[in-house]
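Read through the structure below, which is laid out as structure tokens, and then see the notes.
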Amino acid sequence: MTKVLLSVHVLAAILAVGSITVAASMFPRYALQASDGQGPDARAASIAALLHKICRGYAVAGLAVPVFGIATGAALGALTDAWLIASLALTVIAAALLAMAILPGQQRLLALTQGSPKTQDGPRPAATRLTMLTGIFNVLWAIVVILMIVRPGSTTGA
């Protein structure tokens, strides 16, 4: 049963979190192209909207990652191990960043590109901030992956 839980956990992480990291990283570029001052770019706006939908949809699917991770940790008797607690804490931080900053930031940037009143500086500062937040989100997940592989104190010898 542990192998099934671990397999679902890893697959969910690859498919859900991987999709979010890629789509969220690409989003600011297309959102800026959609409103670059040379007239609206409908193709770039459509791509930005699609990338936002991907992020929202996979954020929901991504809830399976910690659920199956906790189930796997319980099956392995590792719920009190420091590496797992640190991974869970970083996962909560990454999820909060996605839910409270990245997804709303994407919505605001989409609104700027779709004819909402422009700010004095245009969408570039919002896109820059969103790029930074997405980078932090991606680094958090990279650290979680490293913790999952290295597992300090594990018996794998890796």
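The values are calculated or read from the model by the stated rules, or taken from the named source; none is laboratory data. Computed from a prediction, not measured in an experiment: that's the story for all the values here. No Cβ is skipped: glycine too gets one built from the backbone with ideal geometry, and neighbour counts run over all protein chains shown. Note: accessible area is taken over every heavy atom of the protein model, side chains too, but ligands, DNA and RNA are not part of it. Shrake-Rupley method; radii C 1.70, N 1.55, O 1.52, S 1.80 Å.
Accessible surface for Val60 stands near 100 Å², nearest 10, in the context of the full protein assembly shown (1.4 Å probe). The calculated pair-distance distribution of the chain uses every alpha carbon pair, bins of 10 angstrom beginning at 0, and gives 11, 37, 26, 16, 9, 2 percent.
Per-residue ellipticity at 222 nm from helix content only, as computed over the chain with -39500 (n - 2.57) for each DSSP H run of at least four residues, stands at -24500 deg cm²/dmol.
Tell me the carbon and sulfur percent of the accessible area for the stretch 71-115, rounded to whole percent, probe radius 1.4 Å. Carbon-and-sulfur percentage of accessible area, whole number: 71. Relative contact order of the stretch 54-140, taken over Cα pairs closer than 8 Å and 6 or more residues apart, is 30 percent.
Using a probe radius of 1.4 Å on heavy atoms only, what accessible surface per residue do you get for the chain? Whole Å² is fine. Don't jump to the answer; show the numbers that get you there.
Working: 8920 Å² over 158 residues.
Roughly 56 Å² per residue, with all protein chains present.
Using only Cα coordinates, the Kirkwood hydrodynamic radius of the stretch 1-40 works out to 12.3 Å. The long axis of helix 42-61 is offset from the longest Cα principal axis of the chain by roughly 20 degrees.
Helix 2-12 and the longest principal axis of the Cα set of the chain meet at an angle near 10°.
May I ask you to derive the FRET efficiency for Met148 and Val60 from their Cβ-Cβ distance with R0 = 22 Å, giving the value to the nearest 0.05?
Numbers: r = 22 Å, r/R0 = 1.00.
The computed FRET efficiency comes out at 0.50.
Sequence-ordered 3J(HN,Hα) estimates for the stretch 62-76 from the Karplus curve with 6.51, -1.76 and 1.60 and θ = phi - 60° stand at x, 4, 5, 4, x, 4, 6, x, 5, 4, 5, x, 5, 5, 8 Hz, glycine and proline given as x.
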